[in-house]
Amino acid sequence: MPTYDYRCKNCDSLFSVDKSMNDPNPKTCPSCSSIKINRVWSNIQLKGCEKGSSSGDKNCGVSCSGNCGSCGCG
Ligand SMILES: [Zn+2]
């Protein structure tokens, strides 16, 4: 079962929820019960390094969501 990470915009706490794709998303922060929570895409990256891919000669193979500075491939 995949783990989904969320960040609360109210208290800035991070929390993870184990759920299946079909389960509903959590609606409130477990710390402060705020509804202002955002999904954090930390575990599941859908695309690799764009910079490395476009260069053609190197592909860092690290999913950095296009932020190549974070993976050091650029
Ligand atoms: Zn909160």
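Derivation of every value follows stated rules applied to the coordinates shown; laboratory data play no part. This is a predicted model, so every value here is computed, not measured. Note that each Cβ is placed from the backbone with ideal geometry, even for glycine, and that neighbours are counted across all protein chains shown.
A few remarks follow.
- Net length gained if the chain between residue 11 and residue 39 were fully extended (0.36 nm per residue, minus Cα distance): 8.6 nm
- For residue 38, neighbours were defined as the other residues whose beta-carbon sits under 11 Å from its Cβ, and their charges (Lys and Arg +1, Asp and Glu -1) total +2.
- Between 14, 35, 4, the Cα set farthest toward the positive side of the dipole of the stretch 1-43 (charges on each charged residue's Cβ, about the Cα centre) is that of 35.
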